[in-house]
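**Q** Following this message is one structure expressed as structure tokens.
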Amino acid sequence: MTNELRTCENCSIQYEHEPLMAFGSDIIAHINVCLVCSSVMEDQQNKKKREDDAKTKWETTVPDEYRNTKEDHSDFPNSVLGDCLKMIKSNENPFIGLIGRSGIGKTRVAAMIIKRLIWRGDFATWINSSTFQWACQNQFNDGNSKEAQSLLKSCRESKNLVFDDIGSLKSTETVSDNLYSVLEHRTTTGQRMIWTSNETLDEILAGKGLSEKARARSISRLGGYSNIIEL
């Protein structure tokens, strides 16, 4: 079958249609778009798919109240966000810790960091202290084990992790062991974690339910591998 002169239905320019033969027929006979327009349309489709994928990841990863964050709001700590983005670019440490009292924008900063990472194609997991606590307590529970184990695995292996309000974790050996497993894996592999806390490092995980040795190993991981910003 010879090439055929056609008019592009998109730009109206004439072009040579080269048949793509399979089983005796041209399987692209129905396409009336030139190579230039076809390439542009493919780029547009790929861009839309990337944007749709990012939007889905954003909506399924970050809680709604933080997705509504406005960076131009007068109370939003833009300078802190800027410092965090510079730290990520420098790759100096895999963790960023945001410490300060409740209500000053720590979690909203974390959300805006993750927004940028998701929109560039990265994957992320978002967890808070109560959900992590639940996963630790239910990983061997027949009814909830699969969900709990999957969540803990995501905390260990996701390319990016936000651990919101990590300082509120209750001090138990089970929680400490699982937290250390997450921190150990992520520091060993250099995977990013952004964590927030109302408590300082000296106050995190304190309590009667945990030995000082078990507490110290997690604190050393957080402190040793984090760029910490006090808001």
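**Q** Choose one of Leu179, Asn10, Phe132: the residue whose Cα lies farthest towards the positive end of the charge dipole of the chain (beta-carbon charges +1 Lys, Arg; -1 Asp, Glu; about the Cα centre).
**A** Highest projection toward the positive end goes to Leu179.
**Q** Given H placed on each backbone N at 1.01 Å, which residues far from Asn227 in sequence or on other chains put an amide H within less than 5 Å of it?
**A** When sequence neighbours closer than 5 places are left aside, the close amide H contacts are Phe95, Ile96, Gly97.
**Q** How long are the semi-axes of the equivalent ellipsoid of region 1-156, taking √(5λ) for every eigenvalue λ of the Cα gyration tensor, in whole Å from largest down?
**A** Values for region 1-156, descending: 48, 24, 13 Å.
**Q** To the nearest 500 deg cm²/dmol, what mean residue ellipticity at 222 nm is calculated for the chain from DSSP H runs of n ≥ 4 alone, each contributing -39,500 (n - 2.57), summed and divided by the residues?
**A** It comes out at -15500 deg cm²/dmol, rounded to the nearest 500.
**Q** For the chain, modelled as a Gaussian network with Cα springs under 10 Å, which listed residue fluctuates most, Ile113, Ile13, Ile166?
**A** Ile13
**Q** Which value, in Å², gives the accessible area per residue of the chain when a 1.4 Å probe is used on the protein heavy atoms?
**A** Per-residue accessible area for the chain comes out at 58 Å².
**Q** Given the pairs Lys49/Lys86; Lys115/Lys159; Lys89/Lys159; Lys70/Lys106; Lys55/Lys146, which are separated by over 20 angstrom at their Cα positions?
**A** Lys49/Lys86; Lys55/Lys146
**Q** Can I ask one more? If the cut-off is 18 Å between C-alpha atoms, which lysines fall inside it for Lys170, apart from same-chain ones fewer than 8 positions away?
**A** The qualifying lysines are Lys208, Lys213.
**Q** Pull up all non-local amide H partners of Asn10: gap of 5 or more, or a different chain, and H-to-H distance under 5 Å with H placed in the peptide plane.
**A** Close amide H contacts, sequence-distant or interchain: Cys34.
**Q** Follow-up question, since we're still on this one. Short version: ³J(HN,Hα) in whole Hz for each residue of region 164-178, in order, from phi by Karplus 6.51 cos²θ - 1.76 cosθ + 1.60 (θ = phi - 60°), x for Gly and Pro, what are they?
**A** 7, 6, 4, x, 8, 4, 6, 7, 9, 4, 4, 5, 4, 4, 6
**Q** Counting only protein heavy atoms and using a 1.4 Å probe, what share of the accessible area of the chain belongs to carbon plus sulfur, as a whole percent?
**A** Answer for the chain: carbon and sulfur cover 48 percent of the accessible area.
**Q** Please report the projected area of region 74-195's Cα convex hull averaged over all directions, in nm².
**A** Dividing the Cα hull surface by four gives the mean projection, 8.1 nm².
**Q** Please give me, ordered by residue number, the GluC sites (Glu not before Pro) of region 1-63 that lie in loop per DSSP and have at most 12 other Cβ atoms within 10 Å.
**A** Glu9
The values are calculated or read from the model by the stated rules, or taken from the named source; none is laboratory data. Bear in mind the structure is a predicted one, so any value in this text is a computation, not a measurement. Neighbour counts are summed over all protein chains in view; Cβ atoms, including those assigned to glycine, are modelled from backbone coordinates with ideal geometry. Remember, those area values only see protein heavy atoms, side chains included, never the ligands or the DNA or RNA. Shrake-Rupley method; radii C 1.70, N 1.55, O 1.52, S 1.80 Å.
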